[in-house]
Amino acid sequence: MSKDDQTVIYLAMLKGGMKMQKKLVKLFISMFYLSAFTFGGGYVIVTLMRKKFVDEYHWIDEDEMLDLVAIAQAAPGAIAVNGAIVVGYKIAGILGIIVSIMATILPPFFIISVISVFYQLFKDNLFIVSLLDGMQAGVGAVICVVVVQMASGVLKLRNPVFLLIMLAAFIANYFLRINVIFIILVCILLGTVYSLMERGHEK
């Protein structure tokens, strides 16, 4: 291999490394921003991640995002952190996981630390109480958006099995008050059986 070829390879690797570094920085800033200004739990940050990484950056397509959300929801732990893990891995592998997790947990860590120190002041402050009440209404609206987006993704597939599972899960949770953990486990089982049957038919 000539020196010119080695130089070209080195420059290509350097360019690729710089591109990845910029992507990781962009990922960290995006996740930090979303985590810092997200109130209401994991489902809120999930819909904001979709808007950022699917609609704005185009790093992930719509169907993949729905799959990642399903994985994050089914896995144990906080959905916001699980979502950061799967999205980070999809975007930049192991480094993406590390960057996403750090960016996700730092804002709430600092905010909760401050609140714990000044808890009594916040607890008795009428302005803070009113602010939190207003946030609850906004969070409810955002969660409704998440439900509509995820349901529309299932409806687009036009698969009667998936529609039946979605309807049954809603009835089981809302009307029958069955624990969501059992519903998720049953849905995982049904999805696995259905996938195996589909593969069997293809063969």
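Rounded to the nearest 500, the helix-only mean residue ellipticity at 222 nm of the chain stands at -29000 deg cm²/dmol, with each DSSP H run of n ≥ 4 adding -39,500 (n - 2.57). For the stretch 26-148, the share of accessible area belonging to carbon and sulfur comes to 73 percent (1.4 Å probe, ligands and nucleic acids excluded). Applying a DSSP loop filter and a limit of 10 other Cβ atoms within 10 Å to the trypsin sites (Lys or Arg not before Pro) in the stretch 140-187 leaves Arg158, Arg177. So, for the stretch 98-203, what is the accessible surface per residue at a probe of 1.4 Å, expressed in square angstrom? Per residue, the stretch 98-203 has an accessible area of 78 Å². With q set to 0.10, 0.11 Å⁻¹, the log10 of I(q)/I(0) for the chain, from the Debye formula over equal scatterers at the Cα positions, is -0.58, -0.68. Taking every full run of DSSP H in the chain, the ones that stretch at least 20 Å from end to end by Cα along their long axis and average -1.0 or higher on the Kyte-Doolittle scale are 3-36, 79-117, 126-157, 160-174, 180-202.
When the chain is treated as a GNM with alpha-carbon contacts under 10 Å, the residue of Val44, Val99, Val114 showing the greatest mean-square fluctuation is Val114.
Legend: residue pairs Lys22/Lys51; Lys52/Lys123; Lys26/Lys156, Cα-Cα distance threshold 22 Å; pairs beyond threshold, Lys52/Lys123; Lys26/Lys156.
About the Cα centre, and with charges only on the beta carbon of Lys, Arg (+1) and Asp, Glu (-1), how big is the dipole of the chain? Nearest 20 debye, please.
Numbers: 16 positive and 13 negative charges, 41 e Å.
Around 200 debye, computed over the chain.
For Leu132 and Leu155, what is the calculated FRET efficiency with R₀ set at 41 Å and r taken between the beta-carbons, to the nearest 0.05? The formula returns an efficiency of 0.75 here.
The values are calculated or read from the model by the stated rules, or taken from the named source; none is laboratory data. Please read all numbers here as calculations on a predicted model, not as lab measurements. Neighbour counts are summed over all protein chains in view; Cβ atoms, including those assigned to glycine, are modelled from backbone coordinates with ideal geometry. Heavy atoms of the whole protein, side chains included, go into the accessibility calculation; ligands, DNA and RNA do not. Shrake-Rupley method; radii C 1.70, N 1.55, O 1.52, S 1.80 Å.
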